[in-house]
Each structure stands twice: as structure tokens, then as C-alpha cells.
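This report refers to the structure that appears directly beneath it.
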Amino acid sequence: MRNTSKRLLPGFGLTMGFSLLYLSLLVLIPLSAVFLKAATLSWDQFWQTVLNPRVLASFRLTFLTSLGAAAVNAVFGLLVAWVLVRYRFPGRRFLDGLIDIPFALPTAVAGIALTTLYADSGWIGALFAPLGIKLAYTPIGITIALVFIGLPFVVRTVQPVLQELDHSFEEASACLGASRTRTLWKVVLPELLPALLTGFALAFARGLGEYGSVVFISGNMPMKTEIAPLLIMTKLEQFDYAGATAIAAVLLVLSFLLLFVINGLQRRANRVQRQA
Amino acid sequence: MEVRVDQLSKAYGGFHAVEDVSFRIGSGKLAGLLGPSGSGKTTILRMLAGLEQPSSGDVYFDGRRMNDVRPQQRGIGFVFQNYALFRHMTVADNIAFGLAVQRKSRTDIRRKVEELLELTGLAGLGSRLPHQLSGGQRQRVAFARALAPEPGLLLLDEPFAAIDAKIRKELRAWLKETIGRLGITSLFVTHDQEEAVEVADEIVILHRGRLEQHGTPEAIYREPQSPFVAGFIGESTIVPDASSLRGFEEEAEHHQGLIRPEYVELFKTNRPPAVRSAAEEGVVRRQFFRGSFWEVEVEAAGAQLTVHRPLEQEPLEPGEPVHVLIHRVYLFRGGTGRMAENRRKTDPMPVYL
Amino acid sequence: MASIALGPAAESRETPAHLNEPAWVRVLLIGLAVLFLTLILLVPLAAVFAEAFKKGAAVYLQSLTSKDALAAIRLTLAVAAIAVPLNVLFGVSAAWAVTKFRFRGKQLFLTLTDLPFAVSPVIAGLVFILLFGSRGWLGPFLAEHDLKIVFALPGIVLSTLFVTFPFVARELIPLMEAQGKDEEEAAVSLGAGGWRVFFRVTLPGIKWGLLYGIILCNARAMGEFGAVSVVSGHIRGRTNTLPLHVEILYNEYQFAAAFAAASLLVLLALVTLAVKSFVEWRHRRHADALAARERQGALREEAAWR
Ligand SMILES: Nc1ncnc2c1ncn2[C@@H]1O[C@H](COP(=O)(O)OP(=O)(O)OP(=O)(O)O)[C@@H](O)[C@H]1O
Ligand SMILES: [Mg+2]
């Protein structure tokens, strides 16, 4: 099987060779530079950088805001996907098209637009300022930016699954006497759960590394609103390559772990759902 | 539970998927809904379950009009063609789903689930997930799940379609026996006439959304009311003008004729039938050995007839001329049919030349 | 017969009543979703234009035609003009290798291709600093030969390549997977050569998907901020791309000018989405046409059966 198709169509050597070369030169070798550089640090150096209070604070902030934003996106992304797939209303197509805005819009533009809106003097920030709630330049502002960035990940992973979800599951549940609420909770949600978790993990991973949309709205106060990617930037500007690399290595390991989890989730979902 | 359907219709846009269908299924009966693809079988089943609203007409369970009752309250069990097992739940949880909805106690649920696992031959598989089961096992889980809440009516959409031929036979017999034992009114959909005849107490035949005939398998076989039914159930040949057949000249004017294999007898030319003028002259075209009989295709009276010939009779050769005696023809005209006997066979004054 | 073909399945089916939530729940959920999307997606877009035109169209035009703005636009176009074709080349050849052949390690290859999605853009910039920066591994060598990569065009192009690298491949692989390789194999067995097969058989089937992949890759290349920010050095008029130009203006409190430049990027994003919608519409129409043909076939079969 494998050999016949190999022989029949030409170009395997050329395309695979080029792809691998390109991938190695552009991605693999440069990325391994981070780990090689990190390896030249002594344990002490590494831990001193990573456990420095300011660095720790940035990790905590990055982690928690990404987690919070991914959670918000899991809830609202599910809601949006549900509404777009199951209901018909004027403007649905338009909204569906808009979902991808965060993919296509440069992050810097998103950053300044959100900051202008959610600052105390902005259209939305001004609504909250009288209540004593500050949005921009706080962790809430960072979370808002990450919600913006992560939304399409959840919607676009849940949407196709929902689209393909056979009505017969819900019908079977109804025939067994289950109320609509029970059906949604016990039958539909578990069917969507793998996709929802994948979307959540994707949004979370994206949030950990996000820079452009966040730097403007975060205010960048050390210990308070300074995210880890910004700290990498700061260290680089001070020519502290070692420090920047140590932080980057931690972020990379976290991202790869997430990638691994996402792959596992997808494979599991495929296995369970392949049955007719 | 007794099921009655009254002038039921369903239109999708301008297209009538089901049109003016009425029938009644007695309590405890196992009925088959039979028809070719697209004839509206699934649509009727879904209207009975409340999954689809009729465009007009009514559905009654035990005399109570059900049109406005939601599927949840109809007290039916539905076995879907693709089974629709909940993929993230174990077999036991699938079966328990309808019981949990009824807020049964844990011990009751466990007992009932065990009982159903036993009944469906799935004992020991309760903790498996659906994707760890074979097709036949999944079908049984779907069946057990539908039965668990003790519905008054069981609806099955092509329950055997997704199962390979060998196991299908076993499963059919098992289903018929189990449903008979439980005494639950059941309606199953199939497009396989053999399956319908074998499993069902009574058959409802549909064609293009309309009811063609409703009756026991024997009645439908013996007295089909339309050429469509006749062609759908059992083997037969239809002759457009039955009055062209010897022995049916007067009676059969402007009638179509249906001829089944057992209506016809073949005679070798050296042993003609008693009344020779009652028989057609024919030629053997092909002959197949069918284990307990010969299946012979003969050409006679401008038609291709299939005849079963006992093994103890002298074998025939392809190309051999034969006398073809058609004992009976089932005659149609309009929507009615009746059986006619060959008149010449009993003619008191046969004319010999 | 005609009524059968045209009647059902013309519009995508709505959820049947028994599977639907009560009307007030539906309205509530739609309202919530619309409100959320408005606050998170729509209002920011509107804000960009509102801020850009706050001081009038004259200021808007003036800020777009300033010397620095024009230099930034030129640089952005140049970067995209180099990065996009290279990534298209990679995308097409990776998709060909992955979808037309079976080989061990395919899953690994796909995961590696996706890697840049999982890497922070700042890290994408960092890696090139580590390699080519003045204190990087190749730094001394480059200084000796008077080559500049970091804080110059090559660095910007490299980091842009890194970040936008999976887009074309990701768009093409599912498409070519779905198309299978029967047609190509048929063409080859008729004696067609590899290039001919690609341009005559494969390309016509994927051209719309490829177009969207290119447009998306282009949008990301022109809009990349984090990675470019690390390697550019922010030299005004020399290494500032459009997004960096936006940042500098914003940080200098020249809001109208910043949003004017940003509005160009918003337009780019909107065009990208419009192309995406168009491509999806084409695919849907194609699929509908296929389904309709299949239905016709089934009807003919049924007619023949009778
Ligand atoms: N939701 C729908 N919208 C439009 N047309 C429909 C719909 N459901 C069914 N139909 C049409 O109604 C007719 C009857 O469909 P139904 O599913 O009842 O057929 P069936 O007898 O079950 O066929 P099969 O043996 O193929 O399952 C078909 O022509 C089908 O195309
Ligand atoms: Mg059907």
C-alpha cells in the first residue's frame, strides 16, 4: 500500500526534503537555541532568575489571567458557538464572519483599541469608573485583552463538532423522558466537552505567550501588571540574554506541555467518537 | 397500548412525505412498516414518537389524542437506526438513563439494569463504553435502553440495517421472541420484505407516502390489493392484459394479472395435461437448482414466468417446449383484486380438434 | 419529480421544535452572545475608526502620508513580499508530502509544523537575537563581516517567517486530505509529469483554499508585532513596520495618527475576512451542488427500481 503510492506519485523526495530543511532552518534550530542557551546557565543562575520575586509575580499574573480569560472564553465561546449553530436570527452570518477578527487583526491594533475603550475615559471604562472599578491597567484589563485574543479558538473548535452532532442523541434523550435542560447538561455538553477542553487549552496557551494586545492595556507595573513576555523584552533591552532565556524556557516548556495535552485530548475524542 | 393513526399527513414544503395514512395496531402486536426507500416509514415513526409534527391528521394511543403531547410524555421507547447510544456513558449508564429521569432509587435502577443486561444477553458488559462493543451488541444496548422505562409502545427504525447478514437472522428471531414475551406493542421499520414477513404479526405497506395495504403477512401474500404490493411481497410476474391467457379470456377482460410460481404447472410434451386447451405452449429458458426444487423460467403467452418444479418430476432442458398450465391468476383492476381460476380446466364440453 | 428535487434540503435545516429551547431562552441566549461579541469585537473596531477621524479627515490623511508612515508602509509591504511567497512554497510542498504519501513520523511532522502557534511571539524574536544578536552565537562573526541581521530587514523577515510559517500548510492540508489522490494517480498513470499534475489537477481543486491561506498569511505577516518588536530595534524610518509605527505614535500620545495607521491594518483584516467568507461560500456552494447531484442520482435509482 505504502510503497505503491510512494512510487505512483512523484515529488516525495523534493517536497519532503524542502519542507524538512525549511522547518529545521527556520523553526527547529532557532528554537533549540533557547534550550542550548538555557543549558549554558548554571542551576543557580537559572533559579535565581526564575525565582526572583518580580519574575515570579509576572509568571503568576500571566498564568492566572490566561486561565481566567480561557475560562471566560470557554463559557462565552460555547454560548456563541451554540447560538451561531442552533439559532437563526438576522445578522447571524455577519457575526459568524466576525469571530475570526482576532486571528486577522494585528495584536497591536487590538491592544490600543481595547485600551482606549476600557480606560477610565473610554466608552466602556467610563461606565465602570464611577463605581470605582478600574479596567485598563489592572489584571482585569489584561484578562479582557486575552479574552479578545482567545475567543476564536474556543468558538472554532466547538462549532464544527456542534454542527456535526447528530440530532438523534438529543431525540433519544427526549424519548427516554429527559427534560431539555437535562438533555443539554447530560447528553449535549459531554459530547462537546473534548472540543471545549481543546479550545480552552488553545486559548490558554495563546494567552501565556500573548504580547501585543496586552502591553498597552496592562500598564506594565513591575510586580503588579507586568506579564512574563514583557519581562523577556525588558531583559533583552538590558542585554540580559541569560535572564530572558531562562524565562522563555519556562514559558516554552509550559506551552509544549499544553500542546501535548491538546494532542492527547484530540486523539481521545477521535477514538470515542469514531463509532457510528 | 393500542395505536391508532388517522389520516396522517406530513408535507415538507410542497413535498408530501406522508399522505393520508390511517391504520390501527392492536395492543401487544408486533407490526412492521414496510416500503421502499423514501416511502415515508421513518417519518411516520417519528410522528408517532412526537419527534415530528403531522401536517394534518391525528395520532391516538389507547384512544387518547397525542398530537400535542411532547416526546418526553408519550411513554414510548425509540430505537434509532444508528442507535444513538450516549458515547461517553457506559452501557449500564446508557440503560439507566431513562430510569434516572424517573427518579427511581439507586437500588431499583441497579436491579433493573442487571435484569435488562441479562435479558439482552449483555451480562458482564455493563461497564464497557459503546465504542468497545460490536454492532450487534450496540443494537441490544439500544434496545435495552429503550425498554428500561417500560414504555407502552416500542418504535424501532431499521433495527437490523447496520448489522451483517449472518447475525441479523439470529437477532431477528431473538427480537421477535423477546418482544412477544414482554407483550409490548411494537412497530418496526424495514425495507426488507423477507424481514417483515418473518418478524411481524402484521404488516403496513407504504409506497410514496401512501398506505398500500395493511394486514397479516399471509393475507398480504394471498390477496395483494395492488400490483405494487404483489410485486413487493413474494415472487411474481405481472401480465398487463390477463384476458390474453388461456382460460381467463372472459373473466379477465381489462384486468392486470399476477402470477406466482405456485399458480403454474409444467408438463412435458409427451405427458400433456388432461385438458390440453387449458394450457399455454411455452419454452424453457433457464433452470436453477434451488436445493429442494427446480426453479424454471419459461416463456409463455408473451411473458416470462417463474415456476417451481418438484425434484421428483422429470427434469427439463433449456430450449425444450412445454405445456404451461396456469391454474390461477390474481386479477387487478383499479384498487381491488381477486383470485380467478382457470375456466377451461373445468369446462364441461372441451372442444377437441 | 421536480418538486422532490427542489422542495427539501434547499435551506439548511432549522432545529426542530422538540429540540428547541423555549422562545424566551433563545432570545436571552442570542442577546447575551450578541452583547458579548459587540463588546469584545465590534466596539473595538468602531473605536479605531472613531479615534482615527476624531480630528477630521485632513489630519487622518496627513498622518498616513507622513514620511515615517510611508516608510513604515513600504517596509511592511517589503517584508510581506518576501515572507509570504516563501511560506507559500513551504505550505504547498509540506501539504503535498503529507497528503499524497504515507510515511512514518507524519504526526510528528504535523506537530512540529504547528509549533510556531504555541510559541510566544516574543520568544520568536528572542531566538533570532540569541543567534544573530551582537552578543549572540553568530554575533562576532557577523560583526566581523559587517553583516546586519538583527535590527535590520533580515531579522524582521526571519521572525515574520517564523510566526506566519504554519498558515498556508494548515489551510491546505485538510483540503488536500479531503480530495484524496485518485485524480493525481489517474493523471500520472496517463503519463503526466509531476509539475503538470500539480498545476493541472491539484491546483484547480485547492486554489480557493490556497488563496485564503495566502491572504491570512499575508495579514499576519503585515500585522506581526511581538516578534518584530524584539528584533527591529525601533529605528524610525528604517526598521519600523506599520504595527511598530502604531506603537510609537501611541506611546507618544499622537492618538489620531496612531489610530489612522491602525485603521489601515483593520481594513487589511476586514479584507482578509471577506476573502475567507467568499472562499467558504464557494466551498459550500460546491458541496451543495455535489449533494444535489447525488440526490438526483438517488431519485433516478428509485425510479429505475420501480
Ligand atoms: N426533514 C425533511 N425535510 C425534507 N424532506 C424530508 C425530511 N425528512 C424526510 N424527507 C423526505 O420525505 C420522504 C420520506 O422520508 P423517510 O425518511 O420517511 O423515508 P423512509 O421510508 O424512512 O426511507 P429509508 O428507507 O430510506 O429510510 C423522503 O423523500 C425524504 O427525502
Ligand atoms: Mg428511514
Leaving ligands, DNA and RNA out of it, report the carbon-plus-sulfur percent of the accessible area of the protein assembly as shown at a 1.4 Å probe. 59 percent
Quick one: plug the Kirkwood hydrodynamic radius of segment C:140-193 (C-alpha pairs) into Stokes-Einstein at 37 °C, 0.692 mPa s, and report D in µm²/s. 219 µm²/s
Mean projected area (nm²) of the alpha-carbon convex hull when chain B is viewed from all directions: 22.4 nm²
Just add up the charged neighbours of B:A142: K/R +1, D/E -1, any other residue whose Cβ is under 13 Å from the Cβ of B:A142. +1
Given R₀ = 60 Å, what would the calculated FRET efficiency be for A:D166 paired with C:F141, taking r from the Cβ atoms and rounding to 0.05? 0.45
With a 1.4 Å probe, how much accessible area is buried between chains A and B, both sides summed, in Å² to the nearest hundred? 2300 Å²
Relative contact order as a percentage, segment A:60-275, C-alpha pairs under 8 Å and 6+ apart, gives 29 percent
So, R0 is 41 Å and r is the distance between the beta-carbons of A:L189 and A:S32; what FRET efficiency does that work out to, to 0.05? 0.50
Could you pull out every one of the aspartates and glutamates with an alpha carbon less than 18 Å from that of C:K67, ignoring same-chain neighbours closer than 8 positions? C:E247, C:E252
Given that compact globular proteins tend to follow 2.2 N^0.38 Å, what is the ratio of the alpha-carbon Rg of segment B:213-353 to that value? 1.05
Could you give the Stokes-Einstein D for segment B:162-256 in µm² per second, using the C-alpha Kirkwood radius, 4 °C, 1.567 mPa s? 83 µm²/s
Can you give me the accessible area per residue for the protein assembly as shown, using a 1.4 Å probe, in Å²? 45 Å²
Summing +1 per Lys or Arg and -1 per Asp or Glu among the other residues with Cβ less than 12 Å from A:Y137's Cβ gives 0
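Among rounded, prolate and oblate, which fits segment C:63-138 when a ≥ b ≥ c are the square roots of the eigenvalues of its C-alpha gyration tensor, a/c under 1.5 means rounded, and a/b larger than b/c means prolate? Write down the numbers at each step before the final one.
Working: a/c = 3.00, a/b = 1.61, b/c = 1.86.
Oblate, since a/c reaches 1.5 and b/c is not below a/b.
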Chain C: relative contact order in percent, alpha carbon pairs under 8 Å with at least 6 residues between: 28 percent
Mean-square fluctuation maximum in Gaussian network of chain A, Cα pairs under 10 Å, restricted to A:I29, A:I262, A:I140, hits A:I29
At 7 Å along the Cα-to-beta-carbon direction for both C:L267 and A:R267, put a label point, then send me their distance in nm to one decimal. 4.8 nm
For C:K207, which lysines qualify as cross-link partners when the Cα separation must be under 26 Å and same-chain residues fewer than eight apart are set aside? A:K6, C:K100, C:K106, C:K181, C:K276
Before anything else, pin down the relative contact order of chain B: Cα pairs under 8 Å, at least 6 apart, normalised by residue count, whole percent. 16 percent
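May I ask you to list the trypsin sites (Lys or Arg not before Pro) in segment B:225-323 that are in a DSSP loop and have at most 15 other Cβ atoms within 10 Å of their Cβ?
Here the trypsin sites (Lys or Arg not before Pro) that fit, given the DSSP loop and packing criteria, are B:R290.
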If you keep only loop residues by DSSP, which trypsin sites (Lys or Arg not before Pro) in segment B:56-140 have at most 16 other Cβ atoms within 10 Å of their Cβ? B:R103, B:R128
What value, in deg cm²/dmol to 500, does the helix sum -39500 (n - 2.57) over DSSP H runs of n ≥ 4 give at 222 nm once divided by the residues of the protein assembly as shown? -18000 deg cm²/dmol
Given 10 as the ceiling on other Cβ atoms within 10 Å, longest exposed-site-free region of chain B for GluC sites (Glu not before Pro) in DSSP loops: B:1-249
Residues of segment A:74-97 with accessible area at least 50 Å² lower in the all-protein-chain context than alone (1.4 Å probe)? A:F76, A:L79, A:Y87, A:R88, A:L95
When the Kirkwood radius is taken over all Cα pairs of segment A:101-226, what Stokes-Einstein diffusion coefficient follows at 20 °C and 1.002 mPa s, in µm²/s? 128 µm²/s
May I ask for the angle, rounded to the nearest 10°, between helix C:242-251 and the longest principal axis of chain C, with both axes built from Cα atoms and the value confined to 0 to 90°? 60 degrees
For chain A, take N as its residue count and report Rg(C-alpha) divided by 2.2 N^0.38 Å. 1.22
With a 10 Å cut-off between alpha carbons and a GNM built on chain A, which of A:R156, A:R206, A:R180 moves the most? A:R180
Once you've got the GNM for chain A with C-alpha springs shorter than 10 Å, pick whichever of A:A108, A:A246, A:A205 has the biggest mean-square fluctuation. A:A108
Which value, to two decimals, describes the C-alpha radius of gyration of segment B:26-125 once divided by 2.2 N^0.38 Å? 1.29
Summed side-chain charge close to B:R333 - residues other than B:R333 whose Cβ falls under 15 Å, Lys, Arg +1, Asp, Glu -1: -4
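Looking only at GluC sites (Glu not before Pro) in DSSP loops with at most 14 other Cβ atoms within 10 Å, what is the longest site-free stretch of chain C?
C:15-251
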Apply the Kirkwood formula to segment C:211-276: the hydrodynamic radius equals the inverse of the mean of 1/r over all pairs of different alpha-carbon atoms; give it in Å with one decimal. 12.5 Å
Excluding same-chain residues fewer than 8 positions from B:K268, which aspartates and glutamates have a Cα within less than 17 Å of its Cα? B:E280, B:E281, B:E295, B:E297, B:E299, B:E312, B:E314, B:E317, B:E320
Could you compute how much accessible surface B:L182 exposes when probed at 1.4 Å, giving the result in Å² to the nearest 10? 90 Å²
Given a 1.4 Å probe and no ligands, DNA or RNA in the count, how much accessible surface is buried by A and C, both sides, to the nearest 100 Å²? 8600 Å²
Output the Kirkwood hydrodynamic radius of the protein assembly as shown, Cα pairs only, in Å rounded to one decimal. 33.4 Å
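The values are calculated or read from the model by the stated rules, or taken from the named source; none is laboratory data. From a predicted model like this one, the values you see are computed outputs, not experimental measurements. We place every Cβ from the backbone using ideal geometry, glycine too, and count neighbours over all the protein chains shown. Protein only, heavy atoms only, side chains kept; ligands, DNA and RNA dropped before computing areas. Shrake-Rupley method; radii C 1.70, N 1.55, O 1.52, S 1.80 Å.
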